[in-house]
Amino acid sequence: MSLLIPHDIPQAITKHISKPMTEEAVLNLNHVSIKYSDKTAVNDVSFVIAKHKVTSIIGPSGCGKSTLLRSLNRMNDFIPGVSIDGEITFNNQDLYSKGVDAVEVRRRIGMVFQKPNPFPKSIYKNIAWGPSINGFDGSMEELVERSLKQAALWNEVKDRLHESALSLSGGQQQRLCIARALAMEPDILLMDEPCSALDPISTAHIEDLIFELKSRYTIVIVTHNMHQAARISDYTAFMEMGELIEFDVTNEIFTRPKQKRTEEYVTGRFG
Amino acid sequence: MNILNGSAYPNNGVHLNKRHRKAKLFSMLCSLVTWLGVALLGVLLYQVSSDGFKWLDLQFLTSFPSRFPYKAGIKSALVGTLWLISMVAFIAIPIGVATALYLEELSGQGRMNRLIELNISNLAGVPSIVYGIIGLAVFVRGLALERSLVAGALTMSLLILPVIIIASREAIKSVPMSIRHAAFALGATRLQTARDHVLPASYSGILTGVILALSRAIGETAPLIMIGALTYVAFLPEGPMDSFTALPIQIYNWVSRPQQEFHQLAAGGIIVLLAVLLMMNTIAIVIRYKTERKYK
Ligand SMILES: Nc1ncnc2c1ncn2[C@@H]1O[C@H](COP(=O)(O)OP(=O)(O)OP(=O)(O)O)[C@@H](O)[C@H]1O
Ligand SMILES: [Mg+2]
């Protein structure tokens, strides 16, 4: 499991970045194209995901953000007719090469979905299930507590751990889903518009949370909310019609975009 | 009608009236047909109970059949039916649910799968007598199980398997995709996801299908006659290899006798059969209610 050091990052990927990336890259997308049957949804996209940083993917609706995100932990495998070209390497291992077990990939790269989707079971079981099927043999109580604390939900649910997760509010459910993903201690956490179904207060909760988690996890987040991307992410990828238009340090994207289209999109939403 | 003035559909008022009238007529027709069915059922039930109730007593439930109506009872048939239905449940539920789970969750969506699906739907429509013939050829003769409970239970299981599979598949299909995705994203295999989330979430739907199927099995007569279940049984089956009779066969037997008293005995038997059915449905509703409360 060799680490990817900065000079390993292909020129094609980093040449547009305003300053050289100094972080270690965990995920490396190399000319990635994704098709639904014949329809191309993502076209020749290359960039890197830096370790312990937040990378956001922005762009207009239908531009392929979710498709790209799902390809990072092979959740696309469940959609019939999807095919992928190019290379996505995770710690120098191609995620789509023959010997790779997709189940193992998803264990290491967790995902939080747009709509909160807790299991219709107790809060406790929601967290404990993933670790238990993957052979966790430590103290489950501690793990549940730790995960809930990490997701800033512990204080609200500590007295009702055995109540149904469906009795929680939408924002609490989403934090539960984050806690559930964290309990697996994934290397990377993918989030697809995790706040789009939430009110501003719950959104703020989750943004704070992402900020906290950054020191220990690598996070990739798809968002429609420019402010959110600007606030929480270190790197930003802007996509349009399946293509990556610009990838750069977040600050650059929002203050000095190099591409006209990025500027239009970013300022259009701000103005 | 003023609100429609100047609208793009100036004649809509007239059309609307017509449509309202049509809707009313149609709903009247529907309720008429519904009530006709209910009334017919009511008449049948009335007839059955007016004939049968006076024969319903402990003696009726605890006696073996007899040549003399006042001595005859339904004990062996009732016990036979309980044996039969327990064995059918034991055989058909695991196979049916596992098949449904396999087809929906584990196998791919290939051509083979579609072929199997089509065949199962067709099998659900095959007349029960045909299953009786299969049972006779395969179980009674082929496997030399004779006219035993096992042969009967296997035949009945074949008969209701398609129903269980189809109902279970529908229940499994109605489990939201997002639950599966949540499980997969945690590094679960398809089997783990199916076992721990899809199956529990579709539990009540599956149960409904299973009860419907078992109810059908309880009432079926033709396949049992075909495989040669006995009509006069003065003993209780003690194991799966024993020969047996069942409620519908006993009823059929009584109905086909000339004496009036036996016809009334048959009505009594029908009441017992209905009571067993009602009991099963009640149990199903209770279990459903309990599991649904747990999940909501
Ligand atoms: N299951 C699918 N089958 C076929 N085409 C799909 C499927 N899912 C997405 N697409 C198509 O792929 C393209 C990209 O979709 P995707 O969901 O990735 O967009 P998105 O950027 O996430 O949009 P949004 O911001 O609205 O969520 C769209 O044109 C969409 O119609
Ligand atoms: Mg999307």
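The values are calculated or read from the model by the stated rules, or taken from the named source; none is laboratory data. The shown structure was predicted, so the numbers you read here are calculated from the model rather than taken from an experiment. Cβ coordinates were reconstructed from backbone atoms using ideal geometry, including for glycine residues, and neighbour counts include every protein chain displayed. In case anyone asks, the SASA skips ligands and DNA or RNA and just uses the protein heavy atoms, side chains included. Shrake-Rupley method; radii C 1.70, N 1.55, O 1.52, S 1.80 Å.
Per-residue answers, yes or no, for (1) modelled with pLDDT of 90 or more; (2) of a type outside the set (S, T, N, Q); (3) open to solvent by less than 10 Å² (accessible area, probe 1.4 Å); (4) away from ligand 1 (no atom under 16 Å from the Cβ):
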position	(1), (2), (3), (4)
A:Pro10	no, yes, no, yes
A:His52	yes, yes, no, yes
A:Ile57	yes, yes, yes, no
A:Leu68	yes, yes, yes, no
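For (1) among the hydroxyl-bearing types (Ser, Thr, Tyr); (2) under 18 Å from the mean Cα position of the chain (by Cα), each residue gets a yes or a no:
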residue	(1), (2)
A:Pro194	no, yes
A:Leu198	no, yes
A:Ile201	no, no
A:Arg216	no, yes
A:His224	no, yes
A:Ala229	no, yes
A:Met239	no, yes
A:Thr255	yes, no
A:Lys260	no, no
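Residues that are facing chain B (nearest Cβ under 9 Å), in contact with a helix residue (DSSP H, G or I) (Cβ under 8 Å, 6 or more places away or on another chain), at negative phi and open to solvent by less than 40 Å² (accessible area, probe 1.4 Å) do not occur anywhere in segment A:76-94.
Residues that are surrounded by fewer than 18 Cβ atoms within 10 Å (Cβ to Cβ), over 16 Å from the mean Cα position of the chain (by Cα) and more than 24 Å from B:Ala284 (Cα to Cα) do occur in segment B:119-128, at least one of them. Set side by side, the residues A:Ile178, A:Ile206 differ, and just one is out of contact with any Cys (no Cβ under 8 Å at 6 or more places or on another chain) and open to solvent by less than 10 Å² (accessible area, probe 1.4 Å), which is A:Ile178. All of A:Val144, A:Val112, A:Val105, A:Val157 fail the test of being within 16 Å of ligand 2 (Cβ to nearest atom), surrounded by 19 or more Cβ atoms within 10 Å (Cβ to Cβ) and closer than 20 Å to A:Ala183 by Cβ, apart from A:Val112. For segment B:156-188, what are the residues that are at the interface with chain A (Cβ under 10 Å from one of its Cβ atoms) and outside any helix (DSSP H, G or I)? B:Val175, B:Pro176, B:Ala185, B:Leu186, B:Gly187, B:Ala188, listed by residue number.
Scanning segment A:90-121 for residues that are among the β-branched types (Val, Ile, Thr) and farther than 30 Å from B:Tyr203 by Cα turns up A:Val100, A:Val105, A:Ile109.
Residues considered: A:Ser139, A:Ser132. Of these, the only one that is within 12 Å of chain B (Cβ to nearest Cβ), free of Cβ contacts under 8 Å to residues at least 24 places away in the same chain and open to solvent by 40 Å² or more (accessible area, probe 1.4 Å) is A:Ser132. Taking segment A:128-218 and the helices (runs of 4 or more DSSP H) fully enclosed by it, the elements with 3 or more residues that are acidic (Asp, Glu) are at A:140-150, A:200-213. Going residue by residue through segment A:111-132, is there one that turns out to be within 18 Å of the chain's Cα centre (by Cα), within 14 Å of ligand 1 (Cβ to nearest atom) and basic (Lys, Arg)? Within segment A:111-132, one or more residues are within 18 Å of the chain's Cα centre (by Cα), within 14 Å of ligand 1 (Cβ to nearest atom) and basic (Lys, Arg). Just one of the listed residues (B:Leu36, B:Leu45, B:Leu58, B:Leu82) is open to solvent by 60 Å² or more (accessible area, probe 1.4 Å) and under 19 Å from the mean Cα position of the chain (by Cα), namely B:Leu82.
Of all the listed residues (A:Gln259, A:Gln228), the sole one being in contact with a Ser or Thr (Cβ under 9 Å, 6 or more places away or on another chain) and more than 14 Å from chain B (Cβ to nearest Cβ) is A:Gln228.
Every condition in (1) open to solvent by 50 Å² or more (accessible area, probe 1.4 Å); (2) within 14 Å of chain A (Cβ to nearest Cβ); (3) assigned to a loop (DSSP other than H, G, I, E, B) holds for B:Leu191 except the one numbered (3). Considering segment A:170-196, and only residues there that are farther than 16 Å from A:Thr218 by Cβ and within 16 Å of ligand 1 (Cβ to nearest atom), the residue that is modelled with the highest pLDDT turns out to be A:Glu193. Identify the residue in segment B:149-183 that is of a type in the set (Val, Ile, Thr) and crowded, with 24+ Cβ neighbours inside 10 Å and, among all such residues, is farthest from B:Leu247 (Cα to Cα). The extreme case among them is B:Ile165. For segment B:137-148, the tally of residues that are open to solvent by less than 30 Å² (accessible area, probe 1.4 Å), assigned to a helix (DSSP H, G or I) and out of contact with any Lys or Arg (no Cβ under 8 Å at 6 or more places or on another chain) stands at 1. Taking every residue in segment B:120-147 that is touching a residue at least 12 places away in the same chain (Cβ under 8 Å) and pairing it with any residue that is surrounded by 13 or more Cβ atoms within 10 Å (Cβ to Cβ) and among the aromatic types (Phe, Trp, Tyr), at least 6 positions away or on another chain, the pairs with Cβ-Cβ distances below 6 Å are B:Leu145/B:Phe139. Pairing each residue of segment A:187-208 that is closer than 21 Å to A:Val105 by Cα with any residue that is among the hydroxyl-bearing types (Ser, Thr, Tyr) and more than 16 Å from ligand 1 (Cβ to nearest atom), provided the two are 6+ apart or on different chains, yields C-beta distances under 8 Å for A:Asp187/A:Tyr217; A:Asp187/A:Thr218; A:Ile188/A:Tyr217; A:Ile188/A:Thr218; A:Leu189/A:Tyr217; A:Leu189/A:Thr218. When you look at B:Leu103, is it in the same structural domain as B:Glu261 (by TED's automatic domain parsing) and closer than 18 Å to B:His197 by Cα, yes or no? So B:Leu103 passes the test.
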